[in-house]
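Student: Handing you a structure now.
The values are calculated or read from the model by the stated rules, or taken from the named source; none is laboratory data. Predicted, not measured: the structure shown is a model, and the values here were computed from it. Don't worry about glycine lacking a Cβ; one is built from the backbone with ideal geometry, like all the others, and counts go over all protein chains shown. Keep in mind that these areas ignore ligands, DNA and RNA; they rest on the heavy atoms of the full protein, side chains included. Shrake-Rupley method; radii C 1.70, N 1.55, O 1.52, S 1.80 Å.
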Amino acid sequence: KRFSEPKEQRRPWKIWFYDTSKQAVGALFIHFYNVFLSSHTEEDSCFLYLLNFILDTTLGMLLIWLGVKVVSRFVQRKKYKYLVFGEYG
């Protein structure tokens, strides 16, 4: 993805690494949580894994999106310049 960005707008390697590593850590966490949750039930573990994954990618993303919107408005209202999403200074 980094190489598909225009050269003049491309993020530095350090910022790109911060962006991608937080996504990777989140994906690993939810994967191991799903494996743990599905292995501790008497129901069909594959179905529960799939259900949890679908809920995470739909409802979870909606909640994250709403949270980012609320925090962004709060930051704008309070004029906190160091808490703007995507700005690494």
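Student: Determine whether Ser72 is surrounded by 10 or more Cβ atoms within 10 Å (Cβ to Cβ) and of a type in the set (S, T, N, Q).
Tutor: When the stated conditions are applied, Ser72 passes them.
Student: Do you know which residues across the stretch 75-89 are open to solvent by less than 100 Å² (accessible area, probe 1.4 Å) and small (Gly, Ala, Ser)?
Tutor: Residue satisfying the conditions is Gly86 alone.
Student: Assuming Gly86 fulfils every condition listed in (1) at pLDDT 85 or above; (2) at positive phi apart from one, which condition is it?
Tutor: Just one mismatch for Gly86, condition (1).
Student: Oh, and also: Looking at (1) open to solvent by 100 Å² or more (accessible area, probe 1.4 Å); (2) modelled with pLDDT of 85 or more, which one does Ala24 not meet, given that it meets all the others?
Tutor: Single failed check for Ala24: (1).
Student: Scan the stretch 9-19 and tell me whether some residue there is without any contact (Cβ under 8 Å) to a residue 60 or more places away in the chain and β-branched (Val, Ile, Thr).
Tutor: No - not one qualifying residue is present in the stretch 9-19.
Student: In this structure, is Glu43 surrounded by fewer than 11 Cβ atoms within 10 Å (Cβ to Cβ) and either among the hydroxyl-bearing types (Ser, Thr, Tyr) or in a loop (DSSP other than H, G, I, E, B) (or both)?
Tutor: yes
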